[in-house]
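Below you'll find the structure, written out as structure tokens, and then a few comments.
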Amino acid sequence: MAFTLKLSNDYVTVDLMNATDYKVYDGGFNIGLPEVERELGVIRPGFFRPVSEIFSYREATIKLDIMGTTRSDVLTNLRQLQRMFRRTNSRDRLSVGRRMELQYQWDGASQITYFEVYSGDVNVPDDVLQLEKMFYMRGTKYAIEASITMTVSADGYGISVLSSTLTEVALSNGGSYVTGGVTVANGAYAEVASTSLTGASPLITKIVVAPSTGYTAWNTMFIGHELGPYSTKLKYDIGDSGDLVYDTPPGTLGVSGGYGGTHEEWLYGTGTSTPGTWANLAWAYDNGTIGMFYAFLHGYTKTAENFKFAIGIDDYTRFGIRNVKDFVRPSGYCNTIPLGALQLPSVPLELTALGNIHEDLWIGLWVAKDYTLADKTLSLDFLSFLPINGGLRIWQARTTAVTSCTMIDDGWAGIEYVKDSTPKYWTPFYGLIEPIKLEPGLNQRLRFQSIGTQDNATEQARELVVQLYVVPTWPTLAL
Amino acid sequence: MKFYASIWRNYYDDCVGGIWRNLTNDHMGFIGNFDVSQTLSFSTQLNGGFGTCSFEVFLPGALASAGYNEILGGHVVIFDRYGDRTYEGRITDVSLENGIISVTADGYYSQGNYIMMPTELWTADETTIGDIVKDCVEYMDCWNPTYVFIQDANFIVGKQESTEEQKVNDILEKILKFPFREDYVLPVYLAIWSQRMVYLFPEIDLDLNPYPYPDWLISAKSIIGEGIGTSTTLENVYNRIYALFDDTADDSTGPTLTTAADSYMSQYLYGIREGVLNTGEYGQTMGEELRDLALKRYEFPVQQISFSVGPLVQNLSGAQAESYRIRAGDFIIVKDLDETYQGYGGGSRSKMLRGLTGFVVSTNYSSKDGTIDIQLGMTNWKFEYQMARLGLDGGIS
């Protein structure tokens, strides 16, 4: 392919290299790198870590001749550019106008890189109306010198900014990689191969989720983005003696006194008689669970609202909790209780003879009960972890549970919506946090944990069909 | 760091839900989810919990006007990228300029400034702090109606007559000046955190040996700016104290000095510094008790400290954590400056060597530079309280 430099707003496309209407000077195109704001943190002397990296837009300039067979043609071509930029500029200020892109391809490159143009101007010399400038000719064409200055996106994209057609990537749920959708059970994953993820910057995604055979309505959907190496143990049973190493019984807490109790630090008076106490459950921490997770507590039955939960990890001598202010209250309508984010040690620690990561390291669950409400019991099935070291996306149903429809979370268009005919009049869910972006050139997984009002078995059996579409991005140019 | 402001229209009903509202309730009130990573700042404080929060939202053209009109009074939750609730409050101020909507929110404790309490609620002589706090929690519609985290603050404040113009927070600020319990004389604080749950708790007792495990460990290298920038002085240090009492029940003696109480470690470090505490007309026994409390209060320099910390700290497990998680009410140690942070130092020496250890009374975080300003509170005011309760001025000469 030859060198390409075009501006397009999906109504008009201007070829700045056509040598008929526009001619870019040699060396006349300059596109800078985006400004970067980086933030470093330190947790102990000598140990620094980047904690954020924010790319802002970049500046681009083009020096060119605007040409025409007649002087009138020159002015027509000039006004063409001015109209395009005016429509784009008004888009930011007034929310009306057109999106615009810069199409750029090196001579010999395999594909075009697309930058979104946020704003721009066409500049001509102050003396453009002087006689010698008006009648200046380059060869057989009238011409005026001009320059274009633009503010463009930090990233270049692999598809047109004006397009809504993304590239579908093959997914695996443990078997072969296929397009067209893979079935994912509740708590399970869809994996995308590194070879499908081109580009050099995080890829924007469009996630499409459709009902499968085992589908039932949900109220909240958590999508965890996991970068490898993958965690191997994400489920800790309550009743399994190999997991639960402290406290009894295997699933039921009684109405008075609580269990364990030797590690409580507080007593509190919440009722008219017996003070409530903390009860603790603890699981032996496993080397197969490393990194950042969102924790869920799964009950055999729906948990009464007078229980509160907090999760943490701590050593043998004290059951600490992640943050004492981060207790959560169950909805009373779901078996599954979201406990919040939990960071487990980021690298495997030294193994002991017991085969656990550290014989004194525990995953602890604190349970508090409000004795002012009627006595209740609770029954717990297991604890699960959703890996979120790559990111987290949450879908929340607006009204009643999201029934059978195809859900689309389009990070490219910046909108969440449904595809099917029912419900017709509104988007039944909205997204929180930010749309998932995938790392280029790396195997990675999206894991889905949904919460509804069904019984425990039905909740765990919920199935989805997942498809994934991406937009490759580059910080500079695709080659 | 990444932060997202999620805004719902105003609602006063019961805030049930593991993360969200009651699942059968209408989520049609959701307005939007905005990336505020560059413009967020928020504070935490005692009393109150979540303080003020501000951020900016950019919406083009007509959307800006629509957003400006809709969000005043709305419920805002600031999530971090892990889905944790970093801040929760109600939007109290909105301004619009050049398509940028500037938003200010207040934590839900501030709503107590706008609700008047019914009169004559607490008529029993044995009314405690806990009784009053629970009644306020029940009365405030926008606070989570749970008592689970209201610790047993059984200090008796007695009958409380609320005047007609008294707001909820007026009564709370009044009773929270008293100590936590008769047998646990430390300040008590109230804070409203995630899901609007109300927490009532005492200040950490740093006289415990070893003192409690910290919530956060901070590296001295992450203290920014000019460092801690505080000064300390021997001006108010006394390590040999006598009480001067004049027992009016005994006419045969006049003003009398008790025997001295000594802090030998303080004397070793700073030399002997003597002081006399006037305990007025109370007898010898009370004088000696007050003398001992005064010694604890004055034996080492005590100060309030403010400093700023960068983006990363460590949690108790040793894993790195973001500094914006530090909240008022937390207990922190700057570990490079405190050789006893394992908590096994003994007695006075451990307290003396606490380079920078304390109870957080307020924080102020800014996402623009990723720093958090921390103010540590003064502890061990048992002595001041007791003197005030007895009507004495507490000065040592």
Subject >> Candidate set: segment B:108-130, residues that are in contact with a helix residue (DSSP H, G or I) (Cβ under 9 Å, 6 or more places away or on another chain) and in contact (Cβ under 8 Å) with a residue 60 or more places away in the chain; chosen: the one nearest to B:Phe178 (Cα to Cα) >> reply: B:Ile129
**OP:** Name, by its number, the condition in (1) of a type outside the set (Asp, Glu); (2) under 21 Å from B:Gln45 (Cα atoms); (3) in a loop (DSSP other than H, G, I, E, B); (4) at pLDDT below 80 that does not hold for B:Phe300.
**Re:** (2)
Subject >> Top-ranked residue of segment A:442-457 - restricted to ones that are of a type outside the set (Val, Ile, Thr) and in a loop (DSSP other than H, G, I, E, B), ranked as surrounded by the most Cβ atoms within 10 Å (Cβ to Cβ) >> reply: A:Gly452
Original post:
Can we say A:Leu464 is under 18 Å from the mean Cα position of the chain (by Cα), at pLDDT 90 or above and buried (at least 18 other Cβ atoms within 10 Å of the Cβ)?
Top reply: no
**OP:** Could you please tell me which pairs satisfy a Cβ distance under 6 Å, a separation of 6+ or placement on different chains, a first residue in segment B:182-194 that is surrounded by 22 or more Cβ atoms within 10 Å (Cβ to Cβ), and a second residue that is assigned to a strand (DSSP E or B) and among the β-branched types (Val, Ile, Thr)?
**Re:** B:Ile192/B:Val198
Original post:
How many residues are at pLDDT below 70 and either within 7 Å of chain A (Cβ to nearest Cβ) or at negative phi (or both) if we restrict to segment B:317-342?
Top reply: 8
Subject >> Checklist (1) among the hydrophobic types (A, V, I, L, M, F, W, C); (2) touching a Pro at 6+ places or on another chain (Cβ under 7 Å); (3) in a strand (DSSP E or B) applied to A:Ala154, failing item >> reply: (3)
Original post:
Counting residues that are under 25 Å from A:Ser163 (Cα atoms), within 14 Å of another protein chain (Cβ to nearest Cβ) and modelled with pLDDT under 90, which strands (runs of 3 or more DSSP E) fully inside segment A:1-80 reach at least 1?
Top reply: A:47-55
Subject >> Residue list for segment A:160-206, restricted to those being closer than 25 Å to A:Asp10 by Cβ, under 16 Å from the mean Cα position of the chain (by Cα) and hydrophobic (A, V, I, L, M, F, W, C) >> reply: A:Leu203, A:Ile204
Original post:
Among the residues of segment B:130-140, is any in a helix (DSSP H, G or I), of a type in the set (D, E, K, R) and exposed (fewer than 15 other Cβ atoms within 10 Å of the Cβ)?
Top reply: yes
**OP:** Looking only at segment B:197-247, count how many residues are within 10 Å of chain A (Cβ to nearest Cβ) and modelled with pLDDT under 70.
**Re:** 1
Original post:
In this structure, does B:Val133 turn out to be away from chain A (no Cβ under 14 Å) and either in contact with a helix residue (DSSP H, G or I) (Cβ under 7 Å, 6 or more places away or on another chain) or within 28 Å of B:Pro187 (Cβ to Cβ) (or both)?
Top reply: no
Original post:
Is one or more of the residues making up segment B:159-177 modelled with pLDDT of 85 or more, outside any strand (DSSP E or B), surrounded by 14 or more Cβ atoms within 10 Å (Cβ to Cβ) and polar (S, T, N, Q)?
Top reply: yes
Original post:
From the residues in segment A:305-335 that are more than 8 Å from chain B (Cβ to nearest Cβ) and either over 18 Å from A:Met292 (Cα atoms) or in a loop (DSSP other than H, G, I, E, B) (or both), which one is modelled with the highest pLDDT?
Top reply: A:Asn335
Subject >> Test result for B:Asn154, farther than 26 Å from B:Ile326 by Cβ and within 10 Å of chain A (Cβ to nearest Cβ) >> reply: yes
Subject >> segment A:100-130, subset closer than 20 Å to A:Asn77 by Cβ and among the aliphatic types (A, V, I, L, M), residue surrounded by the fewest Cβ atoms within 10 Å (Cβ to Cβ) >> reply: A:Leu129
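The values are calculated or read from the model by the stated rules, or taken from the named source; none is laboratory data. It should be emphasised that the depicted structure is a prediction, and the values quoted were computed from it without experimental measurement. Because the Cβ atoms are built from the backbone with ideal geometry, glycine has one as well, and the counts that use them run over all protein chains shown.
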